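Here the structure comes first, spelled out in structure tokens, and everything after it is commentary.
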Amino acid sequence: MATPQQEAVTKIDEISIKAFSSHYQPGSPRIASLDAIKGVAVLFGLIISIYVWGGFSDGMQNQLIGQSNGIRHSIYVLASFFFEGKMRGLISLAFGAGMILFLLKSHPASSVSNGELLVRRSMWLMVFGVVNAFVFLWPQDVLFHLGIMGLLLFPFPRMNTRWLFISVVIISLIGVGKNYWYFADDQKAYGKYVVIQKLEKKFSADSAARMKTKDSSLFKKRQAGAAGVNDSIANSKINDSLAKKAGDTLTRKQKDEKQAWEGIAKRYKYEAKNDSGNIKALQANSYSKNWDQILQQSKNRESTWFYQNGVWEFAALILLGMFLFKIGFFSGRFSQGQYMIMATSFIILGLLCAWYRLHFQKVSITDYTLFVKTRAAPSSLLWPFERAFLVTGIAAKIVWATQSRMFSRFYSIFVDVGRLALTNYLMQSIFLSLFFYGYGMGYFARIGHYKLYFLVAEVCVVQIVFSVFWLRYYYFGPAEWLLTSLMYKKKMPFRRKETETELFQEQPLPSAI
């Protein structure tokens, strides 16, 4: 009788099994390129996330983009080109491939089906994400999102490569459509504002015309000096009276529409006072005050942002990861030259999309009203394809490095970091929250642009050293061990000498993400 694991494997198409078995050897059932991709994502993701940790608000970041030149502008633009959204995309890509890998592996430590284990893992990832967002105070956590997507996309590993690719394209186009939809809403709001402006001018012209009418009793009253009342006050009252008499006032709806556009027009205008409250709260020497300030940001990220935008972003790249796994992309099916061609082509396409985004984002930051009046599409229109192209290109470059002996030692560093991806990701949250927030060292919004990158380098070096030495003595990272134990509902072996059994030599436990 077939085991639950064997039954799960039979439900995955033959291409996936071949891609898996070509790289699945006893004692090492991991695909090294996937670990390296996660390692790159965890370390280089700090290049963008450090702005949030360090107190650079969206307004401050827009100011960096809006600058015409300067080293700070150049550094931020380069970071946005290569890293903004792309490292999160690499994690999603590896997660999608990992879902199929998880279903194909044997899990001798558990008697339940692989599908049930995958559901458990996804649910526990959601718990880890909540802890990361609401305890470690990282408002842009991705673990919660990955856990939800693991449940939503649970049936998709059974889909063949053609339909996976079609799904990626459709979901990316939905992302494009949503970006255009938001911009069309702004255009619609501006159109209403223009109508209201014309109406206000008409009111003003009509009032001025009536003021010149000699038969108007109010006009005569004005000529008489308003019975001794101050002339400026009288004029104001007369104009109000004329307007009210003629019905020349905006309706409540028109006033709301006017205010709505005025709020939109100020979207990219930076005012320091808007950040002062957030900075003061996060510099306060109190965990509770820091928590109160981060709470709303985390809630918006985990709910509003995710369900409006994030679900499409994660879905497209997770399904892309499944597609690439099924064609053997991660297991070295293609030659080194083919990987280089893919890397070069996709990176160039992604950079062209990124240029479009950043160029027109700079224009919109300079004058958003003019941008809405003169442009037919938003700067973010091609964002889903920019992300997909660059993520695929970077992943191809990483897989290419696995086939190059020249980079084997350097490449192995990222493999080790990626094997402890969950631990390293949570460690970053713990360390940086203690470093920046007021309940710790209180450096929030007190470190300059350049010094933030020195901090990034220090964190990366520490995590590389930690990962390399930790894996000499332990098979799991602390977070990976906890997640796996919760998933299997039993305490799993931890130290390497404890796992030297026939069971774990043949089938080491899976990675967490």
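Do we have any residue at all in segment 280-299 that's surrounded by 12 or more Cβ atoms within 10 Å (Cβ to Cβ), out of contact with any His (no Cβ under 9 Å at 6 or more places or on another chain), hydrophobic (A, V, I, L, M, F, W, C) and more than 23 Å from Val131 (Cβ to Cβ)? Write out each step before concluding.
Start the filter on segment 280-299 by keeping residues that are surrounded by 12 or more Cβ atoms within 10 Å (Cβ to Cβ), which leaves 280-284, 286-287, 289-295, 297-299.
Restricting the remaining residues to those that are out of contact with any His (no Cβ under 9 Å at 6 or more places or on another chain) gives 280-284, 286-287, 289-295, 297-299.
Adding the requirement that they be hydrophobic (A, V, I, L, M, F, W, C) leaves 281-282, 284, 291, 294-295.
Still in the running and more than 23 Å from Val131 (Cβ to Cβ): none.
Scanning segment 280-299 turns up no residue that is surrounded by 12 or more Cβ atoms within 10 Å (Cβ to Cβ), out of contact with any His (no Cβ under 9 Å at 6 or more places or on another chain), hydrophobic (A, V, I, L, M, F, W, C) and more than 23 Å from Val131 (Cβ to Cβ).
Please enumerate the residues belonging to segment 432-442 that are touching a helix residue (DSSP H, G or I) at 6+ places or on another chain (Cβ under 7 Å) and free of Cβ contacts under 8 Å to residues at least 60 places away in the same chain.
If the condition is that a residue be touching a helix residue (DSSP H, G or I) at 6+ places or on another chain (Cβ under 7 Å) and free of Cβ contacts under 8 Å to residues at least 60 places away in the same chain, then Gly440, Met441 are the ones that fit.
Out of (1) part of a helix (DSSP H, G or I); (2) over 19 Å from Lys38 (Cα atoms), what's the single condition that is false for Leu137?
(1)
Give me the pairs, please: first residue somewhere in segment 89-118 and closer than 30 Å to Pro384 by Cβ, second residue anywhere and part of a helix (DSSP H, G or I) and of a type in the set (S, T, N, Q), beta-carbon distance under 6 Å, and either six or more positions apart or on two chains.
Going by the 6 Å Cβ cut-off, the qualifying pairs are Ile100/Ser16; Leu103/Asn114.
Quick one: is Phe44 within 24 Å of Tyr437 (Cβ to Cβ) and modelled with pLDDT of 95 or more? Quick ask: steps written out before the conclusion?
Working: within 24 Å of Tyr437 (Cβ to Cβ): yes; modelled with pLDDT of 95 or more: yes.
Spelling it out, Phe44 is indeed within 24 Å of Tyr437 (Cβ to Cβ) and modelled with pLDDT of 95 or more.
Here are Ile318, Ile348: which of them is within 30 Å of Asp35 (Cβ to Cβ), surrounded by 19 or more Cβ atoms within 10 Å (Cβ to Cβ) and either among the β-branched types (Val, Ile, Thr) or without any contact (Cβ under 8 Å) to a residue 12 or more places away in the chain (or both)?
Values: Ile348 fails: surrounded by 19 or more Cβ atoms within 10 Å (Cβ to Cβ).
Checking each option against the conditions leaves just Ile318.
Pull out all pairs, ordered by first then second residue, where Cβ-Cβ is under 7 Å, the residues are six or more apart or on different chains, the first lies in segment 398-410 and is in a helix (DSSP H, G or I), and the second is of a type in the set (A, V, I, L, M, F, W, C) and at pLDDT below 80.
Ala401/Phe407
Do we have any residue at all in segment 135-148 that's among the acidic types (Asp, Glu) and either free of Cβ contacts under 8 Å to residues at least 12 places away in the same chain or touching a Lys or Arg at 6+ places or on another chain (Cβ under 8 Å) (or both)?
So far as segment 135-148 goes, yes, one or more of its residues are among the acidic types (Asp, Glu) and either free of Cβ contacts under 8 Å to residues at least 12 places away in the same chain or touching a Lys or Arg at 6+ places or on another chain (Cβ under 8 Å) (or both).
Does segment 290-308 contain any residue that is in a helix (DSSP H, G or I), among the small types (Gly, Ala, Ser) and either within 21 Å of the chain's Cα centre (by Cα) or modelled with pLDDT of 95 or more (or both)?
Checked against the condition, which is being in a helix (DSSP H, G or I), among the small types (Gly, Ala, Ser) and either within 21 Å of the chain's Cα centre (by Cα) or modelled with pLDDT of 95 or more (or both), segment 290-308 yields at least one hit.
Determine whether Ile464 is out of contact with any His (no Cβ under 9 Å at 6 or more places or on another chain) and within 17 Å of Leu420 (Cβ to Cβ).
Yes; evaluated as a whole, the condition is true for this residue.
Within segment 374-395, track down each residue that is small (Gly, Ala, Ser) and buried (at least 24 other Cβ atoms within 10 Å of the Cβ).
Result: Ala388, Ala395.
Counting only residues that are assigned to a loop (DSSP other than H, G, I, E, B) and surrounded by 18 or more Cβ atoms within 10 Å (Cβ to Cβ), how many does segment 141-161 have?
Final tally of qualifying residues: 4.
If we keep just the residues of segment 57-82 that are surrounded by fewer than 20 Cβ atoms within 10 Å (Cβ to Cβ) and among the aromatic types (Phe, Trp, Tyr), which is farthest from Val363 (Cα to Cα)?
Once the filter is applied, the top-ranked residue is Phe82.
Taking the criterion of being at pLDDT below 95, of a type in the set (A, V, I, L, M), part of a helix (DSSP H, G or I) and not assigned by TED's automatic domain parsing to the domain that holds Leu143, would at least one residue in segment 353-364 satisfy it?
Scanning segment 353-364, I find at least one residue that is at pLDDT below 95, of a type in the set (A, V, I, L, M), part of a helix (DSSP H, G or I) and not assigned by TED's automatic domain parsing to the domain that holds Leu143, so the answer is yes.
Can you tell me which residue within segment 288-299, out of those that are of a type outside the set (D, E, K, R) and in contact (Cβ under 8 Å) with a residue 60 or more places away in the chain, is nearest to Gly438 (Cα to Cα)?
Asn290
Read through the list (1) aliphatic (A, V, I, L, M); (2) assigned by TED's automatic domain parsing to the domain that holds Gly129; (3) assigned to a helix (DSSP H, G or I), then give the number of the only condition that Ile447 fails.
Exception for Ile447: condition (3).
Mind checking which residues of segment 248-277 are charged (D, E, K, R), within 30 Å of Phe444 (Cβ to Cβ) and surrounded by 12 or more Cβ atoms within 10 Å (Cβ to Cβ)?
Scanning segment 248-277 gives Lys266, Arg267, Lys269, Asp275.
The values are calculated or read from the model by the stated rules, or taken from the named source; none is laboratory data. It should be emphasised that the depicted structure is a prediction, and the values quoted were computed from it without experimental measurement. So basically every Cβ, Gly included, is an ideal-geometry build from the backbone, and we count neighbours across all protein chains shown.
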